[in-house]
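Trainee: To start, I am sharing the structure in question, which I have written as structure tokens.
The values are calculated or read from the model by the stated rules, or taken from the named source; none is laboratory data. Everything quoted here is computed from the prediction, not taken from an experiment. Cβ: placed from backbone, ideal geometry, glycine included. Neighbour counts: every protein chain shown. We work out accessible area using only protein heavy atoms, side chains counted, and drop any ligands, DNA or RNA first. Shrake-Rupley method; radii C 1.70, N 1.55, O 1.52, S 1.80 Å.
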Amino acid sequence: MQLTDNIQTLKNVGGQRAALLAKMDIHTIGDLVEYFPRDYLDRSRIYKIDQLQDGQMATIAAVLAGPPQTLNKGRINITKMTFGDGAGYVDLTWFNQPYMGRNFQKGTEYFISGRVVRKMGRLTIENPEWESVSDAALSAGRIVPIYSLTAGVSQKVLRGLMSQALDGLTEGIDDFLPPNILEAHGLCCRDFAVKNIHFPENSQAYYTARRRLVFEELFLMQGALMWAKGYFRQARGCVFEHLDAAEILAALPYQLTPDQQKVVGEISVDLSSGYAANRLIQGDVGSGKTAVAMIMCFLAVKNGTQAALMAPTETLATQHHISFAEIFGPLGVRCELLVGSLKAKDKTDVRRRLKNGEIDIIIGTHALIQSSVEFANLGLVITDEQHRFGVRQRGRLNEKGNHPHVLVMTATPIPRSLAMVLYGDMDISTINQLPPGRQKIDTYAVASSYHQRIFRFMFGEIEKGRQAYIICPLVEESEAEGFEDINSVTKFAEQLRNGVFADISLEILHGRMKPEEKNRIMASFAAGDTKILVSTTVIEVGINVPNATVILIENAERFGLSQLHQLRGRVGRSDKKSYCILVTDADNAVTKKRMEAMADTNDGFVLSELDLELRGPGEFFGTMQHGVPQMRLANLYKDMVALEEAKGAVLKVFEGDPQLLKTEHRGLKDRIAQILGRFGGGIGL
Ligand code: ADP
Ligand code: MG
């Protein structure tokens, strides 16, 4: 049997089962053996019943010691069977499975696993897993793999197939990592690793196998990113010869900070290099990324090309359009907005002028890069916040033919060691400083009993001429079934309108509103006509109203730290003292830790490190909506050391053989091609 053989080569796999396995993306023997367990049960030790402890997970080997008994308690039916192993007796119980007794034969020995509890003086295992000893070679007496399943395929079946496949392979599993890397990093060979990740001979073998496979996974991912980076590097971009930005600098109402200047310098080098820029600009909230974007758009236009700025929401795009128009209008640079809510006629008109080169800078949502939108001469694409392109989209963009320079701006501070994973194919520039005169945003976490005091405080700020945000997690109560304590925006806003803030102009903003409505409300808030904006997290990204000095966040426990930090970044955007008030009645350790961290620091990087630690990478990345590569075994946070190691190894390989042409790198190149293929292909392999 070979890795490339169809899965139906296995005994017990016919068309029907093959179809189920296909749902798990398993088509060949090779796919099967690369379907790694998600967890394990240590059943390597078989306990004697007299050794069992209350609360312990354990496996015993025992025989049936009497007929099944059934008991009916109200609507619950309980089946109880007593098993013995010579050292003692244990009761097994099942709920609402009255047929269970029929599964067991007298005199047959069974492995029985589960959590042991002492009930009324008797040892009991509720809903145990069980299997006859003769059948159980793969599920007891060893470390047993647990797989993610699909309906119709059980653990038992999958374990059986896995073992059949691994035993049936005629040749060992090839290694695509070069021997010198295995040696340098003390890694086992692939054959051993794959076999032992499924059926570890002992815990040492498991760790050895896992270490190797985690390394391999991280190595391949970074290899793929590095390859893509090399490819982007080679992409010819338009050369911008005119890099003098004096005109736009004079039009901006402030001096650039040294960090902004540094980043402008870094990008300018890219723009004039002859290769397409592919750069991430990382800067904490309020650090002034928009100004950098403006300067770059100016340079693009000055060099005879068009620039596109994409924002994740219409609200944000609209806001950018307003501030761009203000600066660029007097310079005679033509800025337009292209968003979904425009009238069809206007859209057509904008598209036509874009194609004819009658628009210099186009600002919109990411619909901008769709195929219906054509440019006369696109030289620069900037994406603001969140909507990071995956490697795949960036590849496509480059293949549009004109190889525009690509900049991505993000305010989500990512722990540095992870930035290289997420953005390994890009160059990175960082804005660390905030513009001068910014004060720390004072942050307080309080219980909801403080509401009246908070409102009085907000009142005071508004009397001073300032504005305030109130953030609620959910839009309508219906969404919050079972969470009656969660304040919905609309209800909360109505209460305020009819109560404390009756005389103050207050508006509601949430994601389900029509874009025109949202734009109207944002414009009114930006103009200072609306004093209080009660909103969901739609205002989370990018909104810039420097006159707002208070943000009140309801049910703060429902947000991750990075998100709270983003929200808080809506205030403190000028030299006026600003405040963030986190309201929570949650009383648990993690929430407390988060709230304390918010109060302690305004540094987004510190908070993101902590966020990652508190929530783990799954949730952390989940809320970032980035194209984070799916990891099978590696844990981007816990395996940070392996990540660094793998990166070092990748660099070494590429240094010695940038095109991966050497024979010992052939397997590696194939693997990388496979990964990039999943990204949509077409990046030069
Ligand atoms: P972000 O990096 O979060 O996108 P913005 O670009 O929206 O930040 O800038 C935040 C605020 O700081 C804006 O009001 C902007 O006008 C202001 N700003 C940007 N750069 C400077 C600077 N060099 N000096 C003073 N204010 C600045
Ligand atoms: Mg911004």
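Trainee: Within 13 Å, Cβ to Cβ, of M294, how many net charges do the neighbouring residues add up to if Lys/Arg are +1 and Asp/Glu are -1?
Mentor: That sum, taken over residues with Cβ under 13 Å, equals -2.
Trainee: I need the Kirkwood Rh of segment 429-473: take the reciprocal of the average 1/r across all distinct C-alpha pairs and report it in angstrom.
Mentor: Values: mean 1/r = 0.0743 Å⁻¹.
Hydrodynamic radius (Kirkwood, Cα pairs) of segment 429-473 is 13.5 Å.
Trainee: Among residues other than E131 whose Cβ falls under 15 Å from its Cβ, what is the net charge (Lys/Arg +1, Asp/Glu -1)?
Mentor: Numbers: positive: R43, R142, K156, R159; negative: E109, E129, D135.
With Lys, Arg at +1 and Asp, Glu at -1, the net is +1.
Trainee: Counting only protein heavy atoms and a 1.4 Å probe, tell me what percentage of segment 28-141's accessible area is made up of carbon and sulfur.
Mentor: Numbers: 2960 of 6200 Å².
Answer for segment 28-141 is 48 percent, counting heavy atoms of protein chains only.
Trainee: Tell me, what is the percent relative contact order of the chain, built from C-alpha pairs under 8 Å that lie six or more residues apart? Mind showing how you got there, number by number?
Mentor: Details: 1186 pairs, mean separation 86.0, N = 685.
Relative contact order here is 13 percent.
Trainee: At a Förster distance of 30 Å, what's the computed FRET efficiency of S371 paired with S273, Cβ-Cβ distance as r, to 0.05?
Mentor: Details: r = 29 Å, r/R0 = 0.95.
Approximately 0.60, to the nearest 0.05.
Trainee: If you don't mind, another one. Relative to the Cα centre, what is the charge dipole magnitude of the chain, using +1 at the beta carbon of each Lys and Arg, -1 at the beta carbon of each Asp and Glu, and rounding to the nearest 20 debye? Intermediate results must be reported in sequence, preceding the final value.
Mentor: Working: 77 positive and 79 negative charges, 164 e Å.
Magnitude of the dipole: close to 780 debye.
Trainee: For the chain, what does the helix formula give at 222 nm: sum of -39500 (n - 2.57) over DSSP H segments with n ≥ 4, over the residue count, nearest 500 deg cm²/dmol?
Mentor: -11500 deg cm²/dmol
Trainee: Let me ask another. Taking Cα pairs under 8 Å and at least six residues apart, what relative contact order does segment 32-151 come out at, in percent? Show your work: numbers first, answer last.
Mentor: Numbers: 249 pairs, mean separation 38.4, N = 120.
Result for segment 32-151 is 32 percent.
Trainee: While we're on this one: Taking every pair of Cα atoms in segment 27-94, average 1/r, invert it to obtain the Kirkwood radius, and report Rg/Rh to two decimals. Could you put the intermediate results ahead of the total?
Mentor: Working: Rg = 17.8 Å, Rh = 15.2 Å.
Rounded to two decimals, Rg over Rh is 1.17.
Trainee: Moving on. Work out, step by step, the length gained on full extension between K345 and K73: first 0.36 nm times the residue separation, then minus their alpha carbon distance; give nm to one decimal.
Mentor: On the way: separation 272, 0.36 × 272 = 97.92 nm, distance 6.98 nm.
Full extension from K345 to K73 adds 90.9 nm.
Trainee: Determine the equivalent ellipsoid of segment 212-356 by diagonalising the alpha-carbon gyration tensor, then write out the semi-axes as square roots of 5 times the eigenvalues, largest first, rounded to whole Å. Let's see the in-between values first.
Mentor: Details: eigenvalues 184, 88, 60 Å².
Those come to 30, 21, 17 Å.
Trainee: Quick one: plug the Kirkwood hydrodynamic radius of the chain (C-alpha pairs) into Stokes-Einstein at 37 °C, 0.692 mPa s, and report D in µm²/s. The partial results should precede the final answer.
Mentor: Numbers: Rh = 29.3 Å.
Calculated translational D: 112 µm²/s.
Trainee: On to the next question. What fraction of the Cα pairs in segment 79-191, stated in percent, has a spacing above 16 angstrom? Numbers along the way, then the final one.
Mentor: Values: 4568 of 6328 pairs.
Value for segment 79-191 (Cα pairs over 16 Å): 72 percent.
Trainee: State, to one decimal in nm², a quarter of the convex hull surface area for the C-alpha atoms of segment 22-163, i.e. the direction-averaged projected area.
Mentor: Seen from a random direction, the Cα hull of segment 22-163 projects 9.7 nm² on average.
Trainee: Take peptides 119-131, 357-369, 564-576 and line them up by average Cβ neighbours within 10 Å, highest first, as a rough protection proxy. Before the final figure, lay out the partial values.
Mentor: On the way: 119-131: 15.0, 357-369: 20.8, 564-576: 23.2.
Sorting 119-131, 357-369, 564-576 by mean packing, highest first, produces 564-576, 357-369, 119-131.
Trainee: Once the mean 1/r over all distinct Cα pairs of segment 482-614 is inverted, what Kirkwood radius in angstroms do you read off?
Mentor: After inverting the pairwise mean of 1/r, the radius is 15.9 Å.
Trainee: In the chain, which whole DSSP H runs stretch at least 15 Å along their own axis (Cα) and average 1.6 or higher on the Kyte-Doolittle scale? It would help to have the intermediate numbers written out before the result.
Mentor: Details: long enough: 155-168 (19 Å, -0.09); 203-234 (46 Å, -0.24); 258-272 (21 Å, -0.27); 289-302 (20 Å, 1.62); 314-328 (20 Å, 0.19); 344-355 (16 Å, -1.92); 451-463 (18 Å, -0.29); 515-526 (16 Å, -0.71); 589-600 (16 Å, -0.55); 604-622 (19 Å, 0.28); 640-656 (25 Å, 0.66); 666-678 (19 Å, -0.52).
Both cut-offs are met by 289-302.
Trainee: Per residue, what accessible area does the chain have, given a 1.4 Å probe and all protein chains present, in Å²? Each step should come with its number before you reach the end.
Mentor: On the way: 30630 Å² over 685 residues.
Per residue, the chain has 45 Å² of solvent-accessible surface.
Trainee: Among bridges DSSP assigns within the chain, what percent are antiparallel (round to 5)? Mind dumping the intermediate values first?
Mentor: On the way: 35 of 90 bridges.
In the chain, DSSP labels about 40 percent of beta bridges as antiparallel.
Trainee: Out of the total accessible area of segment 242-303 (probe 1.4 Å, heavy atoms of protein only), what percent is carbon and sulfur? Numbers along the way, then the final one.
Mentor: On the way: 1210 of 2180 Å².
Ligands and nucleic acids excluded, carbon and sulfur give 55 percent.
Trainee: Then there is this: Which of the GluC sites (Glu not before Pro) across segment 162-213 are loop residues per DSSP, with 15 or fewer other Cβ within 10 Å? Walk me through the numbers on the way to the answer.
Mentor: On the way: sites: E171, E183, E201; in loops: E171, E201.
Within segment 162-213, the qualifying GluC sites (Glu not before Pro) (loop, at most 15 other Cβ atoms within 10 Å) are E171, E201.
Trainee: Please list, in order, the residues from segment 300-333 whose amide nitrogen is less than 19 Å from a point placed 7 Å along the Cα→Cβ vector of K355.
Mentor: Within reach of a label on K355: 306-308.
Trainee: When the convex hull of the Cα atoms of segment 138-272 is projected onto a plane and the area is averaged over all directions, what value comes out in nm²?
Mentor: Working: hull surface 64.5 nm².
Directional mean of the projected Cα hull area for segment 138-272 stands at 16.1 nm².
Trainee: Enumerate the residues in segment 142-172 having an amide nitrogen under 19 Å from the point lying 7 Å beyond the Cα of R38 toward its Cβ.
Mentor: Only 144-162 pass the distance filter.
Trainee: Another one. Binning every alpha carbon pair distance of segment 283-347 at 5 Å from zero, what are the percents per bin?
Mentor: 3, 15, 25, 26, 17, 10, 2, 0
Trainee: Could you tell me which residue out of I125, L612, F192 lies farthest along the dipole of the chain toward its positive end? Charges go on the beta carbon: Lys and Arg +1, Asp and Glu -1, centred on the Cα centre.
Mentor: I125
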